[in-house]
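Taking it in order: structure first as C-alpha cells, then the write-up.
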Amino acid sequence: MLREMSTRYGRSPGGYVWAIAEPLGALVFMAFAFSLLLRTPSLGNSFILFYASGFLPFQVMAQIETAVTGALRFSRPLLIYPAVSWFDAIAARFLLNFLTSVTVMIIVLAGLLQFTDTTVVLEFGPMIEATILAGFLGLGLGTLNAVLTGLYPVWGSFYGILNRPRIIYAGVIFIYEDLSGIVQDIIWYIPFVHITGLFRDGVYPTYSPQYISELLVLIWAVVTLFFGLLLMRRYRQDILMR
C-alpha cells in the first residue's frame, strides 16, 4: 500500500490533491455542459449535485476496478519474493483505492454542500450501502479482468471499448425512470445503475426508486470475484511470465 501511494501520488506535483481535483473537475464540466442543454436536472435544482450523486459512487467502482486489474503488473517486482503473494497485491490495491475513493467522495460532497446554495437532508444508510456495493463490484470485476487481461492482452482493448459509454448506461447523467420501458428492461440487468440509484436515494428525500436490487449487484460481484480468484490461483504464474 505504501508503494502504491508513493508511486501513484508521490511522484507528481500536488500529490493527493489530484485525487480530489480530477473528479471535481469532471463534475464541474458536466454540470456546466448540461446546464446549457437542459433547464433543470432530473432530480432537484442543482446540476452539479445531481451529477455528483451519480458520478461519485460510480468513480469508486471504476477506480477500484482499474487498480485491481493492474495489480499483478504493478506488483510484479515484489512477487518474486515468497513472502509476497498475488493475493497481497490485489488486497493492497483494493484497500488503498477504496479508502482513497471514499475519502475523496466525502470531501467533494461536503464541499459541494458547503459552497453551493443547495439544501439537502442526507440519509446515510443508502449512501453507505451503495458505496460498499460499488467497492465490492469493482473488486470482482477488477480481479476477473486482471486474469483475462493477463492471459489475453487483446481483452484489455476490447473491454476498454465496452467501457467508454459506461458512464451513460451507469445512470450518472440520467435516472432510470427517465428511460422508456424497453430500455429499462435491458438496463435493469446492468449493476451500475442500481448503485447510482441507491446512492441518490440517500441524497434526495423525495426520490424513492423501486427498481433497485441489491441482490443483483451482489450476484455480479460474487460471481466475478469467485471466478477471478479461481482463475488467478490457477494461472498467476503464466500471467507473471508474460
State all residues of region 11-32 that are open to solvent by less than 60 Å² (accessible area, probe 1.4 Å) and either closer than 22 Å to residue 70 by Cα or at pLDDT 75 or above (or both); if no residue qualifies, say none.
-> 12, 15, 19, 20, 21, 23, 25, 26, 27, 30, 31
Quick one: would you say residue 54 is buried (at least 20 other Cβ atoms within 10 Å of the Cβ), of a type in the set (Gly, Ala, Ser), under 21 Å from residue 135 (Cα atoms) and modelled with pLDDT of 85 or more?
-> yes
Picking from 202, 160, 171, 197, which residue would you name as being small (Gly, Ala, Ser) and free of Cβ contacts under 8 Å to residues at least 24 places away in the same chain?
-> 160
Look through region 194-235, keep the residues that are among the polar types (S, T, N, Q) and part of a helix (DSSP H, G or I), and return whichever of them is surrounded by the fewest Cβ atoms within 10 Å (Cβ to Cβ).
-> 224
Looking at (1) closer than 24 Å to residue 118 by Cα; (2) open to solvent by less than 20 Å² (accessible area, probe 1.4 Å); (3) not aliphatic (A, V, I, L, M), can you tell me which one residue 191 breaks?
-> (1)
Note: among 156, 160, 150, just one is assigned to a helix (DSSP H, G or I), surrounded by 14 or more Cβ atoms within 10 Å (Cβ to Cβ) and either at pLDDT 95 or above or within 18 Å of the chain's Cα centre (by Cα) (or both), namely 156
Given (1) in a loop (DSSP other than H, G, I, E, B); (2) open to solvent by 80 Å² or more (accessible area, probe 1.4 Å); (3) within 24 Å of residue 206 (Cβ to Cβ); (4) not hydroxyl-bearing (Ser, Thr, Tyr), number of the condition residue 76 does not satisfy = (3)
Filter region 102-139 for residues that are at pLDDT 90 or above and small (Gly, Ala, Ser); which is surrounded by the fewest Cβ atoms within 10 Å (Cβ to Cβ)?
-> 125
Is it the case that residue 39 is at pLDDT below 80 and surrounded by fewer than 20 Cβ atoms within 10 Å (Cβ to Cβ)?
-> yes
Which one of 6, 46 is at pLDDT below 85, over 19 Å from the mean Cα position of the chain (by Cα), surrounded by fewer than 13 Cβ atoms within 10 Å (Cβ to Cβ) and more than 20 Å from residue 195 (Cβ to Cβ)?
-> 6
All positions within region 207-229 that are in contact (Cβ under 8 Å) with a residue 40 or more places away in the chain and over 19 Å from residue 142 (Cα atoms) | 207, 214
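Table: residues versus (1) assigned to a loop (DSSP other than H, G, I, E, B); (2) under 25 Å from residue 4 (Cβ atoms).
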{"position": "33", "(1), (2)": "no, no"}
{"position": "36", "(1), (2)": "no, no"}
{"position": "39", "(1), (2)": "yes, no"}
{"position": "48", "(1), (2)": "no, no"}
{"position": "57", "(1), (2)": "no, yes"}
{"position": "72", "(1), (2)": "no, yes"}
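The values are calculated or read from the model by the stated rules, or taken from the named source; none is laboratory data. The structure displayed is predicted, hence computed values, not measured ones. As a convention, Cβ positions derive from the backbone with ideal geometry for all residues, glycine included, and neighbour counts pool all protein chains shown. The accessibility values were calculated without ligands, DNA or RNA, using every heavy atom of the protein model including side chains. Shrake-Rupley method; radii C 1.70, N 1.55, O 1.52, S 1.80 Å.
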